[in-house]
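Below: one structure, written as structure tokens.
The values are calculated or read from the model by the stated rules, or taken from the named source; none is laboratory data. Source: prediction; values computed, not measured. As a convention, Cβ positions derive from the backbone with ideal geometry for all residues, glycine included, and neighbour counts pool all protein chains shown.
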Ligand code: URA
């Protein structure tokens, strides 16, 4: 799909890329999004951390455990949703991705969002929220709010969430985070008050 030398990308997954020299040096592997290609909910984080870099899957460390728990409470499981990141390679010393790194990876993320075309995109924390909305955002204030997101010819809904790691540093953020994930399930058509069999998500 992409004809740039050294880049292999199938529209959702990158199997080769050397655009960011620091990240090429610090990564063990490229960490692509996981989950159904037609998921109704896509979570977008910042970048892989150490555990994700080791295991090759987004949100499998401590933040991932919080996300898994919130998904379960919302009547979803990890297998029902797609989870990806703005940047697919681990930044050195877990620093934030630079503007250039975010820009280099943006096309991959946009293509993934366009082709999956979910009912809702949930941005986890400041970096993905600001990156996709292209403005500065006070995430704790705006968490739970829904915004239009246009990716080329595709119109999507974006729901702002705090990053799950925030709930580990500050326990008072936990309830709000869980509510936002429940709201994501509602926007995707899952009846969070119903028991098993109430979900309208197609794939489970
Ligand atoms: N934090 C992120 O933003 N992404 C991950 O994949 C893991 C932790």
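Just checking: which of the helices (runs of 4 or more DSSP H) contained wholly in the range 61-161 hold 1 or more residues that are at pLDDT below 95? Even if it seems obvious, please write down each step before you answer.
Numbers: elements: 62-73, 99-116, 126-133, 139-142.
Ranges flagged: none.
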(Q) Taking the criterion of being within 16 Å of the ligand (Cβ to nearest atom) and under 16 Å from residue 181 (Cα atoms), would at least one residue in the range 95-112 satisfy it? (A) no
Q | Residue match in the range 39-49 (condition: within 14 Å of the ligand (Cβ to nearest atom), under 17 Å from the mean Cα position of the chain (by Cα) and more than 23 Å from residue 173 (Cα to Cα)) | A | no
Q) Within the range 57-76, can one find any residue that is free of Cβ contacts under 8 Å to residues at least 60 places away in the same chain, within 11 Å of the ligand (Cβ to nearest atom) and touching a strand residue (DSSP E or B) at 6+ places or on another chain (Cβ under 7 Å)? A) yes
Q. Of these, 187, 158, 168, 132, which one is within 23 Å of residue 14 (Cα to Cα) and either within 17 Å of the chain's Cα centre (by Cα) or surrounded by 14 or more Cβ atoms within 10 Å (Cβ to Cβ) (or both)?
A. 132
Q.
Looking for something in contact with a strand residue (DSSP E or B) (Cβ under 6 Å, 6 or more places away or on another chain), within 17 Å of residue 10 (Cβ to Cβ) and crowded, with 23+ Cβ neighbours inside 10 Å - is there at least one such residue anywhere in the range 96-106?
A. no
